[in-house]
Amino acid sequence: MDAAGRMAFALLAIGLALAPAARPTDVAAAERSVEADGPSGKLAGTLRGPGTAPVVLVIPGSGPTDRDGNSPGGILAAPYRMLAQALAAQGVTTLRIDKRGMFGSAAPGVDPNAVTLDDNVADMRAWVAALRKQTGASCIWLLGHSEGGLVAIATATAGGKTAGDVCGLLLLATPGRPMGEVLRAQLRANPANAPILPQAEQAIDALTAGKRVETSGMHPALAPLFAQQVQGFLVSMFAFDPAHALAGYRKPVLVLQGKRDIQVSEADAQLLKQADAQATLILLPDMNHVLKTVTSDDVGANVATYADSSLPLAPGVADGIGRFLLPEHAPALSP
């Protein structure tokens, strides 16, 4: 079992398996590889844009998602690369990264399946320090997508206090509930999962309580999801309540959610907004989980966008972030 068994993208795959200009163009386009010294070895990423503030650290979603937002499991939409391109054109610097143990951040002896939420937070702290040094920015924005939004919240509120070197949070398609509850809801949403639902919910309950579960007798569709090597990760994620952590946060927060997202719901975005009344909430009616446009309720059409790198970002994604980060430039951005 590899990290493909993890969380949101993996959950969707299981359900389906069971179902029958603000800067010159040359500056904006410039990319370079950068590294940070993480607790378990070198971490790798790609810096794009002018290299000046605002500087945004893009934190990937679940499983083996690379710095572009793609995955060996067939996700080829490249949303992070497209977002970096669009933001660079507005004068925003981004760093998109590979997670510990994966792709450019792979290191001898590092098992990506064993990486916990605390490990991810430690790596993001290393990236924040490296980015401040390389760009001269006084603080770094954390942009988290899906599970990456949970990592962003945890990083910004680590130790129960606001991290001073974090400017604020940009939360895209981020759950407002503990991930165990998100998993439970996703499994319940597919009627074809009914035969395995009791076994799945037992496992979720145990892991939420901090207890490991035996997988030898599990249904073959569930065993990879709850594999022994990822249970430490699951325990750490199931214990984290993003809305509770966000409550009382004193820095700017953007919550951006698509109404065509079949993995994270509008209700999650509303929970984050309720936790932080000062947060800016943007709801895009035709955006799905990989930040692409979907105009119908057809699940097949929605999922098809995950593998199509030719599709542009949904309208409003980059502009919404640009307005939030660069309000003085808002009139120059498309409505």
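For the range 310-332, the candidate set comprises residues that are over 18 Å from residue 282 (Cα atoms) and at pLDDT 95 or above; within that set, the residue that is surrounded by the most Cβ atoms within 10 Å (Cβ to Cβ) is 311. Of all residues in the range 252-270, those satisfying the criterion of being out of contact with any Pro (no Cβ under 7 Å at 6 or more places or on another chain), crowded, with 18+ Cβ neighbours inside 10 Å and not β-branched (Val, Ile, Thr) are 254, 256, 257, 258, 260, 261, 263, 265, 269. From the list 168, 176, 180, 160, the one residue that fits, being of a type outside the set (A, V, I, L, M, F, W, C), over 18 Å from residue 45 (Cα atoms), at pLDDT below 95 and more than 12 Å from the chain's Cα centre (by Cα), is 160. Among what's in the range 36-53 and is of a type in the set (D, E, K, R) and surrounded by fewer than 17 Cβ atoms within 10 Å (Cβ to Cβ), pick the residue that is nearest to residue 102 (Cα to Cα). Selected residue: 42.
Could we say that residue 245 is surrounded by fewer than 20 Cβ atoms within 10 Å (Cβ to Cβ), farther than 12 Å from residue 170 by Cβ and small (Gly, Ala, Ser) here? Answer is yes for this residue.
Within the set 200, 154, 206, the sole residue that is closer than 27 Å to residue 283 by Cβ and either at pLDDT below 95 or in a helix (DSSP H, G or I) (or both) turns out to be 154. Look at (1) polar (S, T, N, Q); (2) crowded, with 19+ Cβ neighbours inside 10 Å; (3) touching a His at 6+ places or on another chain (Cβ under 7 Å) and you find that residue 199 fails only one, number (2). Within the set 148, 144, 73, 49, the sole residue that is touching a helix residue (DSSP H, G or I) at 6+ places or on another chain (Cβ under 9 Å) and modelled with pLDDT under 95 turns out to be 73.
Considering only residues of the range 169-189 that are surrounded by fewer than 24 Cβ atoms within 10 Å (Cβ to Cβ) and of a type outside the set (A, V, I, L, M), which is nearest to residue 200 (Cα to Cα)? Explain how you work it out, then say what you get.
As a first pass, look at the range 169-189 and keep what is surrounded by fewer than 24 Cβ atoms within 10 Å (Cβ to Cβ): 177-178, 180-181, 184-189.
Next, only the ones that are of a type outside the set (A, V, I, L, M) stay: 177-178, 180-181, 184, 186, 188.
Values: 177: 18, 178: 16, 180: 10, 181: 12, 184: 8, 186: 11, 188: 10 Å.
Among them, the one singled out is 184.
A quick yes/no check of all residues on (1) modelled with pLDDT of 95 or more; (2) of a type in the set (A, V, I, L, M):
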site	(1), (2)
277	yes, yes
282	yes, yes
292	yes, no
334	no, no
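Scanning the range 214-224 turns up one or more residues that are at pLDDT below 95 and either within 19 Å of residue 61 (Cα to Cα) or not in a loop (DSSP other than H, G, I, E, B) (or both). Which count do you get for residues in the range 94-133 that are touching a Leu at 6+ places or on another chain (Cβ under 7 Å) and either part of a loop (DSSP other than H, G, I, E, B) or over 27 Å from residue 238 (Cβ atoms) (or both)? Qualifying residue count for the region: 4. Answer yes or no as to whether residue 235 is in a helix (DSSP H, G or I), under 30 Å from residue 300 (Cβ atoms) and in contact with a helix residue (DSSP H, G or I) (Cβ under 9 Å, 6 or more places away or on another chain). It is false that residue 235 is in a helix (DSSP H, G or I), under 30 Å from residue 300 (Cβ atoms) and in contact with a helix residue (DSSP H, G or I) (Cβ under 9 Å, 6 or more places away or on another chain). The residue pairs whose first member lies in the range 234-247 and is more than 18 Å from residue 112 (Cα to Cα), whose second member is buried (at least 19 other Cβ atoms within 10 Å of the Cβ) and among the hydroxyl-bearing types (Ser, Thr, Tyr), and whose beta carbons are closer than 6 Å, counting only pairs six or more residues apart or on different chains, are 245/157.
Pick from 96, 100, 125: which is at pLDDT 95 or above, buried (at least 18 other Cβ atoms within 10 Å of the Cβ), of a type in the set (D, E, K, R) and touching a Phe, Trp or Tyr at 6+ places or on another chain (Cβ under 7 Å)? On inspection, the qualifying residue turns out to be 96.
When you scan the range 214-226, do you find a residue that is of a type in the set (Gly, Ala, Ser), touching a Ser or Thr at 6+ places or on another chain (Cβ under 6 Å) and surrounded by fewer than 19 Cβ atoms within 10 Å (Cβ to Cβ), even just one? Within the range 214-226, one or more residues are of a type in the set (Gly, Ala, Ser), touching a Ser or Thr at 6+ places or on another chain (Cβ under 6 Å) and surrounded by fewer than 19 Cβ atoms within 10 Å (Cβ to Cβ).
The values are calculated or read from the model by the stated rules, or taken from the named source; none is laboratory data. The structure displayed is predicted, hence computed values, not measured ones. Methodologically, a virtual Cβ is constructed for each residue, glycine included, from the backbone with ideal geometry; neighbour enumeration extends over all protein chains shown.
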